[in-house]
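The values are calculated or read from the model by the stated rules, or taken from the named source; none is laboratory data. As the structure is a computational prediction, the values presented were derived from the model and not from experiment. All Cβ positions, even for glycine, are placed from backbone atoms using ideal geometry, and neighbour counts span all protein chains on display.
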Amino acid sequence: MSNHYVVLSRKYRPKNLNDLIGQEVMAQFIRTCLDENKVPHAFLFHGIRGVGKTTTARILARCLSCTGTGDDSSIHRSSPCGICRSCLAIDRDSHMDVMEFDAASRTGVDDVREIIESTQYAPALGKFKIFIIDEVHMLSKSAFNSLLKTLEEPPLHVKFIFATTELNKVPETVLSRCMTFQLNPIPTVKLAGYILNIANKEGFVIEEEAADIVATESGGSVRDALSILDQIMMLSYRDKNITSDTVIKVIGRARRCDIEEILELILASKTSEAVQLAERVIVNGCAPFALYGGLQSALYRRITERVKKKDGKLSTLLYLWQIFLKQTENMKSAEHPEHVLIAAIIILAYTASFPNIESMMIKNTQANQNKSDSLIQKILTKFPGSDVTEVE
Ligand SMILES: [Zn+2]
């Protein structure tokens, strides 16, 4: 591996709207805005970390700045040419008209004043002066206030692009002046496919299950997924073969099939077998909290599957779910979380042996029916010749 290793999230950072994964609807909307030349003066992208907010902001800046070559300067701005001075400058992070601020470190009114002042000057290279403000919710109240007027009526050559992980902390007065887009977490299947593809491009063979674990672990964040892949590739550099065992070692997770089997054993009240398998999974490198979370997710999947299939036998699963929630706090505060995990498995397996409400109701209904039948029988015996209709 070269001494100048570039992390994957940087190496494969998308440069065009078409390269964004999992954000197709938003990409299409922005494409239309650009191609129809109806571009608002302020955008706001929000969503969890690592889903592409800043990347989208930079792509948008690239689209808006591209001057094209020759006659095509005013068309197809949603597909920047990649070769004009503007495109090249943006790719080098050195475009003088594109200014990026991190509101987490520059929160004050003076920082915003600096932005407002520079909006007065015409762009030097491209068509617009573009201000990207990352984590915009971190701006102080006075900073937001001083930004408002400019945001309301910015000079025609100015575009603001904001990104935030906490939309609820952005004042309504700012939101109402922006075109707002939510970037969704990337679906696990799509992210797993992406990981598979990147690993292959890097010359690695990765098991499908391994890619799936990476995608699940990253919770829909592309950056987190690529960061995990960075670490795994370091470990597997010699044989270029990434197995699910390697992934489990790196991220301290359990195999999905093991999790499903433990849950199956719990539901069958096979306490001893469930505990033995859980202990084996922990010895193999899975963090107790990760196994606990995996079991909880598996139970959640089981509940939602039954709801979708309109299978009414939910009471035991819902009761187990309640136990899971109660034990979560204990797990967080425990000195030995593995003890809480094993104890929880024992409680769950024991509880799963209780008769569920639905079967009790069926039994009660059956008992009531029997009682009613016997009463009718008694009446019929007492009044020979009567039939059921008359008795009623
Ligand atoms: Zn260009």
Let me spell it out: the conditions are (1) touching a residue at least 60 places away in the same chain (Cβ under 8 Å); (2) crowded, with 18+ Cβ neighbours inside 10 Å, and Met179 meets all of them except one. Which number is the exception?
(2)
Can you find, within the range 236-246, the residue that is modelled with the lowest pLDDT among those that are out of contact with any Ser or Thr (no Cβ under 6 Å at 6 or more places or on another chain) and not in a loop (DSSP other than H, G, I, E, B)?
Asp245
Only one residue in Leu196, Leu148 is more than 27 Å from Val39 (Cα to Cα) and of a type in the set (A, V, I, L, M, F, W, C). Which one?
Leu196
Considering only the range 78-91, how many residues are assigned to a loop (DSSP other than H, G, I, E, B) and within 9 Å of the ligand (Cβ to nearest atom)?
5
Of (1) without any contact (Cβ under 8 Å) to a residue 60 or more places away in the chain; (2) touching a Gly at 6+ places or on another chain (Cβ under 7 Å); (3) buried (at least 16 other Cβ atoms within 10 Å of the Cβ), Ile133 satisfies every one except (2)
Selected residue (criterion: farthest from Cys81 (Cα to Cα)) from residues of the range 13-38 that are in contact with a Phe, Trp or Tyr (Cβ under 9 Å, 6 or more places away or on another chain) and not in a helix (DSSP H, G or I):
Gly22
Can you tell me which residue within the range 208-243, out of those that are under 20 Å from Gly47 (Cα atoms) and of a type in the set (S, T, N, Q), is surrounded by the most Cβ atoms within 10 Å (Cβ to Cβ)?
Ser218
Let me confirm something: among Val98, Val109, Val136, which residue is more than 11 Å from the ligand (Cβ to nearest atom), touching a helix residue (DSSP H, G or I) at 6+ places or on another chain (Cβ under 9 Å) and more than 23 Å from Thr173 (Cβ to Cβ)?
Val98
Output the residues belonging to the range 39-71 that are part of a helix (DSSP H, G or I) and within 22 Å of the chain's Cα centre (by Cα).
Lys53, Thr54, Thr55, Thr56, Ala57, Arg58, Ile59
Flagged in the range 44-59 as at negative phi, touching a residue at least 60 places away in the same chain (Cβ under 8 Å) and more than 16 Å from the ligand (Cβ to nearest atom), in numbering order, are Leu44, Phe45, His46, Ile48, Arg49, Val51, Lys53, Thr54, Thr56, Ala57
Residue check for Ile21: β-branched (Val, Ile, Thr), farther than 27 Å from Ser176 by Cα and either surrounded by fewer than 20 Cβ atoms within 10 Å (Cβ to Cβ) or not assigned by TED's automatic domain parsing to the domain that holds Arg238 (or both):
yes
Among the numbered conditions (1) touching a strand residue (DSSP E or B) at 6+ places or on another chain (Cβ under 8 Å); (2) more than 23 Å from Ile30 (Cα to Cα); (3) not hydrophobic (A, V, I, L, M, F, W, C), tell me where Ser105 comes up short.
(1)
Just give me the residues in the range 34-73 being more than 14 Å from Leu183 (Cβ to Cβ) and touching a Leu at 6+ places or on another chain (Cβ under 9 Å), in sequence order.
Leu34, Val39, His41, Ala42, Cys63, Leu64, Ser65, Thr67
Which condition breaks for Met233 when tested against (1) out of contact with any Phe, Trp or Tyr (no Cβ under 9 Å at 6 or more places or on another chain); (2) within 30 Å of Gly203 (Cα to Cα)?
(1)
Only one of (1) within 11 Å of the ligand (Cβ to nearest atom); (2) at pLDDT below 90; (3) of a type in the set (Lys, Arg) does not apply to Arg62, and that is (2)
The one condition Ile262 fails out of (1) more than 24 Å from Leu299 (Cβ to Cβ); (2) crowded, with 19+ Cβ neighbours inside 10 Å; (3) among the hydrophobic types (A, V, I, L, M, F, W, C) is (1)
The lone exception for Lys249 - which of (1) assigned to a loop (DSSP other than H, G, I, E, B); (2) surrounded by fewer than 20 Cβ atoms within 10 Å (Cβ to Cβ) it fails:
(1)
Kindly establish whether Ala210 is in a helix (DSSP H, G or I), free of Cβ contacts under 8 Å to residues at least 40 places away in the same chain and not assigned by TED's automatic domain parsing to the domain that holds Ser297.
yes
Filter result for Leu147 (surrounded by 23 or more Cβ atoms within 10 Å (Cβ to Cβ) and not basic (Lys, Arg)):
yes
Tell me yes or no: at least one residue of the range 186-193 is in contact (Cβ under 8 Å) with a residue 24 or more places away in the chain and in contact with a Lys or Arg (Cβ under 9 Å, 6 or more places away or on another chain).
no
